Amino acid sequence: MTKVRVLVGTHKGAFILNSDAKREKWDVSEPLFAGHEIYHINGSPADPNRLYAGQHTGWFGQVIQRSNDGGQTWEPVGNKFTYEGEVGTHQWYDGTQHPWEFKRVWQLTGSLTDPDTVYAGVEDAALFRSTDGGLNWKELPGLRAAKGNLWQPGAGGMCLHTIIFDPSNDKRIFVAISSAGAFRSDDTGETWRPVTHGLKANFELPDPTAEVGHCVHNIAMHPSRPNVLFMQKHWDVLRTDDAGENWHEISGNLPSDFGFPIAVHAHEPNTVYVIPIKSDSEHFPPEGKLRVYRSRAGGDEWEALTKGLPQEDCFVNVLRSALATDTLDECGIYFGTTGGQVYHSSDAGDTWAPIASNLPAVFSVEVQTLP
Amino acid sequence: MIRVMLPQHLRTLARVDKEVALQADGVTTLGLMLDALEAQYPMLRGTIRDYHTQQRRQFIRFFACGQDLSHQALEDPLPEEVVAGTEPLRVVGAMAGG
């Protein structure tokens, strides 16, 4: 019998939310790794029982936890993230060069085909890979060779937060880094180049040809159309139809030019979801109305989805990894807020209901559709 | 034998009770004690001292025999009572924040 498992990372632990395919009744787990920041908890696409979680506190640093039984039991695995070779430097806030320093893991994304192969996106921005189930991690230093000396941390830290594999080309990987941009590898992560042509940031980056320095917040792909990517950036929502070679704006009638997450409908590659947030320092929904916006046209034309969501006095944020979809016939959409709510829609966004309302601030939401 | 008391989060991580006993012949310094602790409980690597610098993480403190040992060098000798196992060494998550 089909089930849905929602993996929620929060400021103070992880939670697993379970339901059957009707998605009407939900079981909310006890907190896992209570008291720790869980930036990301994610399942392997190759084995849904294999889960990885990044556990962090300022006191005890980074720990990676692994489950082989769908989250029933966990064991700590490797947590040694050492930059390869000369550590090197990136640009600091004052324009000087500053050495790379590992701070935390933001993203854990499993290989599409091997449950023991998992990638970690970290702060200070770099990409690591483990091929033994998280026991040992090795950096893919070619990424930082892509003009890393010009990368500069933003307010949220210089983090690698998005990792996407091309299901039609096992050598192609996309990543996105806050305040640095979007990058692509066509050789399984050995070499990388920026894919940012068409991105604009007129105030921060007067040079219209700047390849790095773009504050990319999130990227989404539909597996049936891997050359089409959708991007939520610090400014605007964009789209590429050629695997990142060229981007163009599709913000259309969105009420804000800012937001963090972006997602694609599981069965409709041209249906895209964003959650506009008011920039810059406020970081809450415009007009105090929590609205998911859906475009069924691949962008430009957006409709506000509000039924079941608070439409007054709502001042939460929705972070970049906190929007996800299931793959049931009637596609489910899920997102978590910094106010500790996890909302879901089991009709592609037409209506919404809370699954949980009082969790710690939500950092990430991932969804597994289980047979 | 050296007795080490761990803070709650590290006890959970290492799956141990409040106090652990290290079979640690010849361990006479804080650095050697941490080596022995991490050898016996590998999951604690990186959580007490930084992986790269091997220095104490900033919000970790070491106490023993009524003394704060946090700022002593890792090569400095431990108190005799700790080496003898009559007093525990406490690893503490420091108060931090408001």
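The values are calculated or read from the model by the stated rules, or taken from the named source; none is laboratory data. The structure presented is a predicted model; accordingly, all values stated were derived computationally and were not measured. Counting neighbours? That spans all protein chains shown, and the Cβs are built from the backbone with ideal geometry, glycine included.
Among all positions in the range A:31-45, there is at least one residue which is over 24 Å from A:L359 (Cβ atoms), under 19 Å from the mean Cα position of the chain (by Cα) and assigned to a loop (DSSP other than H, G, I, E, B). Looking only at residues in the range A:88-112 that are surrounded by 15 or more Cβ atoms within 10 Å (Cβ to Cβ) and in a loop (DSSP other than H, G, I, E, B), which one is farthest from the other protein chains (Cβ to nearest Cβ)? This residue is A:S111.
Scoring B:H9 on the criteria (1) over 12 Å from the mean Cα position of the chain (by Cα); (2) surrounded by fewer than 18 Cβ atoms within 10 Å (Cβ to Cβ) leaves a single failure, condition (2).
Take the residues of the range B:59-75 that are assigned to a loop (DSSP other than H, G, I, E, B) and within 14 Å of another protein chain (Cβ to nearest Cβ): which is farthest from A:F60 (Cα to Cα)? Working first, answer last.
Of the range B:59-75, the ones assigned to a loop (DSSP other than H, G, I, E, B) are B:59, B:65-66, B:69-75.
Next, only the ones that are within 14 Å of another protein chain (Cβ to nearest Cβ) stay: B:59, B:70.
Details: B:F59: 8, B:S70: 15 Å.
That would be B:S70.
Every residue, every condition in (1) within 20 Å of A:F363 (Cβ to Cβ); (2) in contact with a Gly (Cβ under 7 Å, 6 or more places away or on another chain), yes or no:
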| position | (1), (2) |
| --- | --- |
| A:H234 | yes, no |
| A:T240 | no, no |
| A:A243 | no, no |
| A:I250 | no, yes |
| A:L254 | no, no |
| A:F258 | yes, no |
| A:V264 | no, no |
| A:N270 | no, yes |
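Within the range B:76-88, the set of residues being part of a loop (DSSP other than H, G, I, E, B), acidic (D, E) and under 16 Å from B:A24 (Cβ atoms) comprises B:E87 only. Scanning the range B:12-33 for residues that are crowded, with 16+ Cβ neighbours inside 10 Å and within 14 Å of chain A (Cβ to nearest Cβ) gives B:L13, B:A14, B:V16.
Just one of the listed residues (A:G71, A:G85) is surrounded by fewer than 20 Cβ atoms within 10 Å (Cβ to Cβ) and not in a strand (DSSP E or B), and it is A:G85.
With A:A220, A:A155 as the choices, which residue is surrounded by fewer than 24 Cβ atoms within 10 Å (Cβ to Cβ) and assigned to a strand (DSSP E or B)? Write out each step before concluding.
Values: A:A155 fails: assigned to a strand (DSSP E or B).
Unique residue meeting the criteria: A:A220.
The strands (runs of 3 or more DSSP E) falling completely within the range A:274-371 that include 2 or more residues that are closer than 25 Å to A:N49 by Cβ map to A:323-325, A:333-336, A:342-345, A:353-356, A:362-370. Of the candidates A:V63, A:V28, the single residue that is over 20 Å from A:G332 (Cβ atoms) and either buried (at least 22 other Cβ atoms within 10 Å of the Cβ) or out of contact with any helix residue (DSSP H, G or I) (no Cβ under 7 Å at 6 or more places or on another chain) (or both) is A:V63.
Among the listed residues A:A46, A:A53, which satisfies the condition of being more than 10 Å from every other protein chain (Cβ to nearest Cβ), out of contact with any Lys or Arg (no Cβ under 9 Å at 6 or more places or on another chain) and among the small types (G, A, S)?
Details: A:A53 fails: out of contact with any Lys or Arg (no Cβ under 9 Å at 6 or more places or on another chain).
After ruling out the rest, the residue left standing is A:A46.
Scanning the range A:127-175 for residues that are on the phi > 0 side of the Ramachandran plot and touching a Leu at 6+ places or on another chain (Cβ under 9 Å) gives a single hit, A:G134.
For the range A:125-134, the count of residues that are crowded, with 23+ Cβ neighbours inside 10 Å and β-branched (V, I, T) is zero. The single condition among (1) in contact (Cβ under 8 Å) with a residue 12 or more places away in the chain; (2) within 14 Å of chain B (Cβ to nearest Cβ) that A:E75 does not meet is (1). Of the residues examined, B:Q23 is one that is at pLDDT below 95, closer than 16 Å to B:P88 by Cα and either out of contact with any Lys or Arg (no Cβ under 9 Å at 6 or more places or on another chain) or not small (G, A, S) (or both).
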